[in-house]
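Only the coordinates and a few stated rules stand behind these numbers; no lab work does. The shown structure was predicted, so the numbers you read here are calculated from the model rather than taken from an experiment. Ideal geometry is used to build each Cβ from the backbone, glycine not excepted, and the neighbour counts take in all protein chains shown.
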Amino acid sequence: MSIIQNIENEGRQLRSALYITFSITAVLWVLWGCDMLFHLDLPQYGLVPRSLQGLRGIIFMPYIHDNRNIAHILNNTLPFMVLFFVLLNTYRQIGMMLFILIQIVSGILLWLLGPPNSIHVGMSGVIFGMAAFLVGSGLFRRNLASISIAIFVIFFYGGMVVGFKPQDGISWEGHICGAVAGLFLSFNFRNFDRKTQVPSVEDREDDRHFFDRHP
């Protein structure tokens with residue numbers, strides 16, 4: 001494949017990732033705007049732990065935000081866009097599947113372990129899940145690309161660990177469940193597409209004797 005074809009393919013991949021990222025972000029804002037304008041009370045469709053009706057929140061929760069103020073969705077928008085875009089570009093074959101798995105696994109954990117009679121809404125659990133997946137991939141895959149992305153996430157979003165602290169009005173349980181889901185998935189997908197990844201640091205260090213390497 002020529003250099004020009006590689007550049008064109010990269011451009012298509014980037015445009016596709018941007019399109020998907022902005023599309024999902026638009027859905028979040030359209031739903032929030034409709035909730036504010038038409039008083040739909042969408043948080044009622046959030047996740048309620050250990051409630052059969054609350055199971056629907058596993059699907060709906062990330063796309064619903066607090067309809068009492070704009071701060072909730074504002075705080076989630078930029079971290080979601082950045083981490084989701086990175087996820088799609090780093091794991092192009094399975095990026096969307098990973099996003100869905102993080103949502104489902106973290107939702108199930110929250111439904112099982114969250115406090116009863118509480119309602120959880122917002123994308124923050126999935127955001128913590130994506131961040132944990134990218135950092136965990138750096139730890140488990142140990143190749144230069146994954147480690148570089150993990151360092152990027154830690155540098156820019158390391159302050160997110162504050163979200164694990166119990167706080168009133170914040171689904172810190174959802175943050176923890178998201179992070180656990182992300183780490184769990186990063187471990188299980190640690191060997192995915194190894195051959196097309198940058199060689200690991202360990203693979204670069206060949207400590208065999210000269211005559212073993214050159215018989």
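For the reader, a short list of remarks on this structure follows.
- q = 0.12, 0.13, 0.14 Å⁻¹: log10 I(q)/I(0) that the Debye formula gives for the range 3-202, counting C-alpha atoms only: -0.61, -0.70, -0.81
- Cα long-axis angle, helix 124-141 against the chain (0 to 90 degrees, to the nearest 10): 10 degrees
- In terms of surrounding Cβ atoms within a 10 Å radius of their Cβ, CYS34, CYS177 rank from fewest to most as CYS34, CYS177.
- FRET E, pair LEU55, GLU8, Förster distance 35 Å, beta-carbon r, rounded to 0.05: 0.20
- In this structure, ILE20 and ASN117 have a Cβ-Cβ separation that, at R0 = 45 Å, corresponds to a calculated FRET efficiency of about 0.80.
- Between helix 95-113 and the chain: long-axis angle, C-alpha atoms, 0 to 90°, nearest 10: 50 degrees
- On the basis of the beta-carbon distance and an R0 of 25 Å, MET36 and ILE104 show a calculated FRET efficiency of 0.35.
- Taking the fewest neighbouring Cβ atoms within 10 Å as the starting point, the ordered list for ARG12, ARG56 is ARG12, ARG56.
- Each of ARG141, ARG190 was scored by other Cβ atoms within 10 Å of its Cβ. Arranged with the fewest first, they read ARG190, ARG141.
- Here the Gaussian network model covers the chain, with springs between Cα atoms less than 10 Å apart; of VAL30, VAL121, VAL180, VAL30 fluctuates the most.
- With the helix formula -39500 (n - 2.57) applied to DSSP H stretches of n ≥ 4, the chain reaches a computed 222 nm mean residue ellipticity of -20500 deg cm²/dmol.
- The angle between the Cα long axis of helix 71-90 and the longest principal axis of the Cα atoms of the chain comes to about 30 degrees, rounded to the nearest 10.
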